[in-house]
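Asks: Supplied in structure tokens, the structure appears directly below.
The values are calculated or read from the model by the stated rules, or taken from the named source; none is laboratory data. The shown structure was predicted, so the numbers you read here are calculated from the model rather than taken from an experiment. For neighbour counting, all protein chains shown are included, and Cβ atoms are generated from backbone atoms with ideal geometry for every residue, glycine included.
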Amino acid sequence: SVPLSYFGGIGAASRAGVLIKGSNYLEALNQVKTVAFDKTGTLTRGEFAVVNVAPVSLSKPALIRLAATAEVASPHPIAKSIVAMAGIRADGQQSAEELVGLGVKATSAGQPLYVGNAKLMRQVGITNDLPDSTTGTMVYVALADRYQGAIEVADAIKDTTVPALAALKQNGIRQTVMLTGDNRQVGQAVGDQIKIDAVKAELLPQDKVAEMGKLKAELGPKEKLAFVGDGLNDTPVLASADVGIAMGALGSDAAIESADIVLMNDDPLAIPRTIAIAKRTKQIVW
Ligand code: ADP
Ligand code: MG
């Protein structure tokens, strides 16, 4: 039987904008020792802006337009920033293939067009020295096997990320970890700013699941692992956590489905608040 106070805990959480899908997750929250986070849209706002355009031979607007023809079909927040800059609209005609954790593939004038990260450029045989950045995320463009240039996009850390991580450490969480598909330099730069304990970067969704397995193996018998994500491509990772927490506002329906806890306002501070509710609930039960 479920102790009555658990319903009180779920009610208190829901008043704080946190949907908990069962009393067992409130109980599990009390045992969470490691919290892993997705970066984009979770620790950062997930609202990118184009900060630099570096074409090889095209004009800057032409490089943006070329990239946007591939990105217009993508739901990724990086894609939205490039499409906004180009000022084009989806007309349902464009088709592109989403290459999860890498970028997108489309066709332009009968030629293959790739837009994405360095890993993608290597995969399609681009051997150019690619310009790098430690502050923004580099989006590279290749058309017909030829490197066309780079677009640098930047996201901002959410206002409440730093206090949320600090509150977790003060409330019994031993380790906080970032699992990101973004490159190592950007991941580490964000990690240093927010004082997260560990950064694992350049991960495809299946690599994130593998990292979750490693984190779980480091825990004691009754200790638990939580994952917090915005849900874009994170569904398998959410499902692999003892407690899967999804950001509900930006998150996809699939993520909200596979999560155990949904944060309706996407505020990282809701995580330590919910842990505090779980603790109070436990004190009432015993
Ligand atoms: P995260 O783990 O930070 O949520 P993703 O798994 O969504 O990141 O993506 C990982 C990386 O793949 C991004 O940092 C970006 O370099 C690249 N990428 C993914 N989708 C796109 C896209 N539509 N356009 C450009 N780059 C993309
Ligand atoms: Mg993501």
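Asks: Looking at region 7-21, which of the residues that are outside any helix (DSSP H, G or I) and at negative phi is surrounded by the most Cβ atoms within 10 Å (Cβ to Cβ)?
Replies: Selected residue: I20.
Asks: Another question, if that's okay. For region 189-217, name all the residues that are of a type outside the set (D, E), out of contact with any helix residue (DSSP H, G or I) (no Cβ under 6 Å at 6 or more places or on another chain) and either without any contact (Cβ under 8 Å) to a residue 24 or more places away in the chain or closer than 18 Å to P236 by Cα (or both).
Replies: Listed by number, the residues that qualify are G191, A198, L203, L204, Q206, A210, G213, K214, L215, K216, A217.
Asks: Could you check, for region 242-263, whether at least one of its residues is within 23 Å of V100 (Cβ to Cβ), part of a helix (DSSP H, G or I), within 15 Å of ligand 1 (Cβ to nearest atom) and in contact with a Gly (Cβ under 9 Å, 6 or more places away or on another chain)?
Replies: yes
Asks: Which ones in region 150-165 are touching a Gly at 6+ places or on another chain (Cβ under 8 Å) and assigned to a loop (DSSP other than H, G, I, E, B)?
Replies: The one that is touching a Gly at 6+ places or on another chain (Cβ under 8 Å) and assigned to a loop (DSSP other than H, G, I, E, B): D155.
Asks: Moving on to the next point. Can you go through L225, L238 and tell me which one is buried (at least 19 other Cβ atoms within 10 Å of the Cβ), touching a helix residue (DSSP H, G or I) at 6+ places or on another chain (Cβ under 9 Å) and touching a residue at least 60 places away in the same chain (Cβ under 8 Å)?
Replies: L225
Asks: Any idea which residue in region 103-131 is nearest to the chain's Cα centre (by Cα), counting only those that are buried (at least 20 other Cβ atoms within 10 Å of the Cβ) and touching a residue at least 40 places away in the same chain (Cβ under 8 Å)?
Replies: The residue in question is N117.
Asks: Given the criteria within 16 Å of ligand 2 (Cβ to nearest atom) and either closer than 25 Å to G9 by Cα or small (G, A, S) (or both), does G191 qualify?
Replies: yes
Asks: Return the residue satisfying two criteria in turn: it lies in region 29-52 and is surrounded by fewer than 20 Cβ atoms within 10 Å (Cβ to Cβ) and not in a loop (DSSP other than H, G, I, E, B), and of such residues it is nearest to ligand 2 (Cβ to nearest atom).
Replies: Only one residue fits best here, namely A49.
Asks: Output yes when any residue across region 137-149 is modelled with pLDDT of 95 or more, more than 11 Å from ligand 1 (Cβ to nearest atom), within 21 Å of the chain's Cα centre (by Cα) and part of a strand (DSSP E or B), and no when none is.
Replies: No, region 137-149 has no match at all.
Asks: Another question about this same structure. Can you tell me which of L203, L219, L168 is part of a loop (DSSP other than H, G, I, E, B), aliphatic (A, V, I, L, M) and within 20 Å of T274 (Cβ to Cβ)?
Replies: The match here is L219.
Asks: Do we find a residue being under 17 Å from the mean Cα position of the chain (by Cα), in the same structural domain as K224 (by TED's automatic domain parsing) and among the hydrophobic types (A, V, I, L, M, F, W, C) anywhere in region 95-102?
Replies: no
Asks: From the set of residues in region 53-83 that are part of a loop (DSSP other than H, G, I, E, B) and within 18 Å of the chain's Cα centre (by Cα), which is surrounded by the most Cβ atoms within 10 Å (Cβ to Cβ)?
Replies: If we take residues in region 53-83 being part of a loop (DSSP other than H, G, I, E, B) and within 18 Å of the chain's Cα centre (by Cα), then S74 is surrounded by the most Cβ atoms within 10 Å (Cβ to Cβ).
Asks: Restricting to region 53-82, count the residues that are more than 10 Å from ligand 1 (Cβ to nearest atom) and in contact with a Ser or Thr (Cβ under 8 Å, 6 or more places away or on another chain).
Replies: 2
Asks: Is at least one residue of region 246-264 crowded, with 22+ Cβ neighbours inside 10 Å, touching a helix residue (DSSP H, G or I) at 6+ places or on another chain (Cβ under 9 Å) and among the hydroxyl-bearing types (S, T, Y)?
Replies: The answer is no, given that none of the residues of region 246-264 is crowded, with 22+ Cβ neighbours inside 10 Å, touching a helix residue (DSSP H, G or I) at 6+ places or on another chain (Cβ under 9 Å) and among the hydroxyl-bearing types (S, T, Y).
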